[in-house]
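This report refers to the structure that appears directly beneath it.
The values are calculated or read from the model by the stated rules, or taken from the named source; none is laboratory data. Just so you know, these numbers come straight off a predicted model, no measurement behind them. Ideal geometry is used to build each Cβ from the backbone, glycine not excepted, and the neighbour counts take in all protein chains shown. Ligands, DNA and RNA are stripped out before the accessible areas are found, and what is left, the full protein with its side chains, is counted by its heavy atoms. Shrake-Rupley method; radii C 1.70, N 1.55, O 1.52, S 1.80 Å.
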Amino acid sequence: MSINSMTDAMAAAAPPFDSADAARLVERHYGIQGQCELLFGERDLNFRVDASHGQKHLLKLWNHTQDPDVVDFQMRALDHIAQVDPGLPVPRVIRTAEDLLQVNVKAPDGTPHIACLLSWREGGFVRDSSLSESLKTTLGAILARLDQALLGFRHPAQKRELFWDLSRTDRLIHLVGDMAPGPTRNLVLETITSFKSRTLPLISSLPHQVIHQDFHLDNVLVSDTDKEEISGILDFGDALYAPRICELGVACAYQLAEGADPLEGMLPMVRGYHRVSPLEIGETDALAGLVQARLVSSIVITSKMADLHPHNREYLLIDTEAAIDRLNRLRDITLSEASQRLRSIHGT
């Protein structure tokens, strides 16, 4: 897929379904009666389904540009995780009466879309929790378990073209021209240049596998009764085959500490991950550059999407200012210094 094709996909409108349409769809294809409530999303639709028998589900409706093979990849990844590590709190795929993972549906305007039904995960977003050191360690440990569960999973659509592919952050240079001149644009250009010259050569020879690649504060739930227990890992929409360390690169971008030492905030997560699934020295050497890359991705891509979808601007830009601040503070630490700090988890 070309850069222009990926940009066109970003511009795609959400499917034109309302709650009543969603309820009819769920009853027709899954035999479930209930009420549907629209949830926040970007270019796709998500509905909470409150079934009349008392259970809750999540209905996902993708925009018309979605590749059905990519949807199959995501659903089969969830099935694989459930089989390999049933204790991981990921949604379960609900199959249709015909035992299908996905169904093709038409919107009221006649456009074709793909729908899937998943089990509902209860809990509150990590964003709304107090991020204690022990919770960060737990987050790192469960992320490592997730990657271990995905280690043997393979699918024809795993090597996909995606703007959010952290290992290809250098391609975002094609979107920087749309940014307004100024300090933020300069910071973005500087970081992409550093990624291309230092981080990109490092990650090519590191362990690769299918990863979730979107372990941020709104995609992880904590239990309502135990704020240290992870009750949900959501949204596999950015999953792909990539260097394993990109998983932590995404996750740690949301764990940076305030103040002069941002790395201190992410170290508990890295230690938690390493205890469950030991990292290679090369992976820890690449991590700080990947954290910077995720922050750049958040700034560039969400700014572009906000321009394309101004009605959803507030939701899309929820983390942009924070990403700019974190990236500025990380710039004060050289990547060599960061590597030495992160190597402490190896005892060297």
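Give me the residue from region 7-44 that is closer than 23 Å to Asn219 by Cα, open to solvent by less than 30 Å² (accessible area, probe 1.4 Å) and not small (Gly, Ala, Ser) and, out of that set, modelled with the lowest pLDDT. So the residue we want is Met10.
Residue check: Leu131 meets all listed conditions (1) on the phi > 0 side of the Ramachandran plot; (2) crowded, with 16+ Cβ neighbours inside 10 Å but one, namely (1).
State the number of residues belonging to region 299-312 that are touching a helix residue (DSSP H, G or I) at 6+ places or on another chain (Cβ under 6 Å) and open to solvent by less than 10 Å² (accessible area, probe 1.4 Å).
4
Condition test on Leu88, is it out of contact with any strand residue (DSSP E or B) (no Cβ under 6 Å at 6 or more places or on another chain), outside any strand (DSSP E or B), open to solvent by less than 30 Å² (accessible area, probe 1.4 Å) and touching a residue at least 40 places away in the same chain (Cβ under 8 Å)?
It is true that Leu88 is out of contact with any strand residue (DSSP E or B) (no Cβ under 6 Å at 6 or more places or on another chain), outside any strand (DSSP E or B), open to solvent by less than 30 Å² (accessible area, probe 1.4 Å) and touching a residue at least 40 places away in the same chain (Cβ under 8 Å).
Answer yes or no as to whether Glu122 is at pLDDT 95 or above and either not in a loop (DSSP other than H, G, I, E, B) or not aromatic (Phe, Trp, Tyr) (or both). So Glu122 fits the description; yes. Restricting attention to region 30-67 and to residues that are part of a loop (DSSP other than H, G, I, E, B) and among the hydroxyl-bearing types (Ser, Thr, Tyr), the residue that is farthest from the chain's Cα centre (by Cα) turns out to be Ser52.
Conditions (1) in contact (Cβ under 8 Å) with a residue 40 or more places away in the chain; (2) charged (D, E, K, R); (3) crowded, with 17+ Cβ neighbours inside 10 Å; (4) touching a Cys at 6+ places or on another chain (Cβ under 7 Å), marked per residue:
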| residue | (1), (2), (3), (4) |
| --- | --- |
| Ala180 | no, no, no, no |
| Thr193 | no, no, no, no |
| Lys196 | no, yes, no, no |
| Thr199 | yes, no, yes, no |
| His212 | yes, no, yes, no |
| Leu221 | yes, no, yes, no |
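For region 45-68, what are the residues that are closer than 15 Å to Pro112 by Cβ and surrounded by fewer than 17 Cβ atoms within 10 Å (Cβ to Cβ)? Within region 45-68, His64, Thr65, Asp67, Pro68 qualify. In this structure, Tyr241 does satisfy being open to solvent by 20 Å² or more (accessible area, probe 1.4 Å), out of contact with any Phe, Trp or Tyr (no Cβ under 8 Å at 6 or more places or on another chain) and either on the phi < 0 side of the Ramachandran plot or in a helix (DSSP H, G or I) (or both).
Hey, can you tell me all the residues within region 287-338 that are in a helix (DSSP H, G or I), touching a residue at least 24 places away in the same chain (Cβ under 8 Å) and over 14 Å from Ala253 (Cβ atoms)? Let's see the steps before the verdict.
Residues of region 287-338 in a helix (DSSP H, G or I): 287-308, 310-316, 320-330, 335-338.
Filter once more, so that each one left must be touching a residue at least 24 places away in the same chain (Cβ under 8 Å): 287-301, 303-305, 307-308, 312, 315-316, 323-324, 326-330, 335, 338.
Within region 287-338, Ser303, Lys304, Met305, Asp307, Leu308, Asn312, Tyr315, Leu316, Leu335 meet the criteria.
For Val296, the conditions (1) within 22 Å of the chain's Cα centre (by Cα); (2) open to solvent by 40 Å² or more (accessible area, probe 1.4 Å); (3) of a type in the set (Val, Ile, Thr) all hold with the exception of (2). The criterion of being part of a helix (DSSP H, G or I), closer than 16 Å to His212 by Cβ and within 21 Å of the chain's Cα centre (by Cα) does not hold for Val270.
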